[in-house]
């Protein structure tokens, strides 16, 4: 019995040490993940425009699913309007489903590259001893909702439009899935800093 308990103790110690001895990322690897984060933000922009475009019909549900997969599970998205002074926060799926129900035939969402800024990834230790990296992307976003649509996507005939500056939390963490253990970039909370 003592041998069995000793074996269990040693195995748990080895597993615990293995889980906590994660390699840290090099500056080059972090630069690669910065590019991944930019790609995820661009992908999200594309999905949001398709979710808001009625011509995609039922396929928009698939775009919602794909967009949700870009985020960590508990992320919130804050929304604003130039017509009010307050903001509202929604879970990612709820936000995307609301976007699908907007009373516009077409939604155009564009991120303004010249307003973009990425902070450096900062290493953070989780309660379990594992490591993750956190950064913030500050972006400018143009939103255009169109009710009357001709064949051309002319931004000059927007029924509603605004420009919003947002902070997007970027999380880089190790996960274990069917690919094994690897680092992955996930989008986190999206907060509004200014709307006009």
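The values are calculated or read from the model by the stated rules, or taken from the named source; none is laboratory data. Note that the coordinates shown come from a computational prediction; the quantities given were computed from them, not determined experimentally. With ideal geometry, Cβ positions are generated from the backbone for all residues, glycine too; neighbour counts draw on all protein chains shown.
Values for this structure:
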| quantity | calculated |
| --- | --- |
| Failed item in (1) touching a residue at least 24 places away in the same chain (Cβ under 8 Å); (2) assigned to a strand (DSSP E or B), with residue 124 passing the rest | (1) |
| Criterion (part of a strand (DSSP E or B), at pLDDT below 90 and within 30 Å of residue 25 (Cα to Cα)) met by exactly one of 110, 114 | 114 |
| Criterion violated by residue 50 - all others in (1) modelled with pLDDT under 90; (2) part of a helix (DSSP H, G or I); (3) over 18 Å from residue 190 (Cα atoms) satisfied | (1) |
| Residue 123 vs. criteria at pLDDT 95 or above and loosely packed, with under 14 Cβ neighbours inside 10 Å | no |
| Where residue 131 falls short, out of the listed (1) surrounded by 14 or more Cβ atoms within 10 Å (Cβ to Cβ); (2) in contact (Cβ under 8 Å) with a residue 60 or more places away in the chain; (3) farther than 14 Å from residue 190 by Cα; (4) touching a helix residue (DSSP H, G or I) at 6+ places or on another chain (Cβ under 8 Å) | (4) |
| Residue 148 being touching a residue at least 24 places away in the same chain (Cβ under 8 Å), part of a loop (DSSP other than H, G, I, E, B) and either within 30 Å of residue 103 (Cβ to Cβ) or within 14 Å of the chain's Cα centre (by Cα) (or both) | yes |
| Residue within segment 31-47 that is part of a loop (DSSP other than H, G, I, E, B), in contact (Cβ under 8 Å) with a residue 40 or more places away in the chain and in contact with a strand residue (DSSP E or B) (Cβ under 9 Å, 6 or more places away or on another chain) present | no |
| Members of segment 78-98 found to be part of a helix (DSSP H, G or I) and either under 19 Å from residue 160 (Cα atoms) or touching a helix residue (DSSP H, G or I) at 6+ places or on another chain (Cβ under 8 Å) (or both), listed by number | 92, 93, 95, 96, 97, 98 |
| Any hit, segment 151-158, residues being at pLDDT 90 or above, more than 20 Å from residue 25 (Cα to Cα) and not in a loop (DSSP other than H, G, I, E, B) | no |
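Residue-wise test of (1) surrounded by 15 or more Cβ atoms within 10 Å (Cβ to Cβ); (2) free of Cβ contacts under 8 Å to residues at least 60 places away in the same chain.
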| residue | (1), (2) |
| --- | --- |
| 53 | yes, yes |
| 59 | no, yes |
| 69 | no, yes |
| 79 | yes, no |
| 87 | no, no |
| 97 | yes, yes |
